[in-house]
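Taking it in order: structure first as structure tokens, then the write-up.
The values are calculated or read from the model by the stated rules, or taken from the named source; none is laboratory data. Note that the structure is predicted; figures quoted are calculated from it, not measured. FYI the Cβ positions are ideal-geometry reconstructions off the backbone, even for glycines, and counts take in every protein chain you see. When the accessible area is computed, the model is the full protein with side chains, heavy atoms only, and any ligands, DNA or RNA have been set aside. Shrake-Rupley method; radii C 1.70, N 1.55, O 1.52, S 1.80 Å.
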Amino acid sequence: MKKIKYTLISLAIAIGLKACWVKNDSQIALKGTFLNESYLTQASATLLSAIPFYCTELVFDRPDSVLVRNGVEEYPLKYEIKQDTCFVKNAYQHQGKLRDLVLILSSDTSFVALEQEFTGQSQPASFRKTSVFKGFEYGLNKATVAGKYAIVDAATQKEIVVTFTADGRIEGLPAYQKFSVCYTGDCVSEPLEASNVIMLENAQKEVEFAVWRFDKSTKRLTISKLAEPQPDIKGERAIQSTLLEAGKIS
């Protein structure tokens, strides 16, 4: 009887230890596209080119590598997950040494990236999982200029509605059909003075650079035309005139 009792106690202890071991050894799995929410939160109220970041998207679509996107290029990096921490291997250089980008995982849908050594910021960047069909540019459009606007038609003096959709389409403005908000790369240096830049595309797929500003207090969007490019000079284009001024409806 005592032998059976001791056997049952030993079995219970073994099961308990195994349960603890499984719990301690468990880790969060990452799958899908994660957007830099910290950048998008700042995008509605500041100069986009002045927001520091390591990357805009991290795409976990393979078991051993993550696709890093930063708006200019994309590249795969090896990663390793240990319980609630993900180490993206050799992600950036700091003081002449390659460093891992450390991700602290809250769940399989959100984490923070300890990128302060790279960006010089005091706080880590928050990332959140999204649909692969709605990437960073979709989120950026939504956070900045996307919406319905009322403008007065210069020819008829009647009010018309123009819509900038989150997926980059322009509806109700005959001169342009598509737009793209610039946040990094050569397009940032087009204006003479630091400004937020938007690229407007017409039906012939010709792209025009312009400057945009959204006033939160008046809910008005202003898009200004830049002067023509100067020969042999890249960028440094002054603001020439107003292309569109509209009040946001929704």
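Structure above, values below:
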{"item": "Area of residue 169 that stays accessible when all protein chains are in place (1.4 Å probe, Å², to 10)", "result": "100"}
{"item": "Region 126-250, accessible area per residue, ligands and nucleic acids excluded (1.4 Å, Å²)", "result": "58"}
{"item": "Portion, in percent, of the accessible area of the chain that falls on carbon or sulfur, probe 1.4 Å", "result": "54"}
{"item": "Cα-Cα over 28 Å, subset of 97/142; 148/205; 178/234; 89/129; 89/205", "result": "97/142; 89/205"}
{"item": "Gyration tensor (alpha-carbon) shape descriptor, region 97-193, a/c threshold 1.5", "result": "prolate"}
{"item": "With Cα atoms, 0 to 90° folded angle of helix 2-25 axis to the chain main axis", "result": "20"}
{"item": "Electrostatic dipole magnitude of the chain [Cβ: Lys, Arg +1; Asp, Glu -1; Cα centre; debye, to 20]", "result": "1620"}
{"item": "Placed amide H near residue 178: partners under 5 Å, 5+ positions off or other chain", "result": "170, 201"}
{"item": "Neighbour-limited loop hits for GluC sites (Glu not before Pro), region 178-242 (at most 14 other Cβ within 10 Å; DSSP other than H, G, I, E, B)", "result": "193, 206, 236"}
{"item": "For Rg/Rh (Cα atoms, Kirkwood Rh), calculated from these coordinates, the label among (i) 1.13; (ii) 0.99; (iii) 1.18", "result": "(iii)"}
{"item": "Dipole moment magnitude, nearest 20 debye, region 128-250 about Cα centre, only Lys, Arg, Asp, Glu C-beta charged", "result": "760"}
{"item": "Region 65-117: GluC sites (Glu not before Pro) in DSSP coil with no more than 10 other Cβ atoms inside 10 Å", "result": "73"}
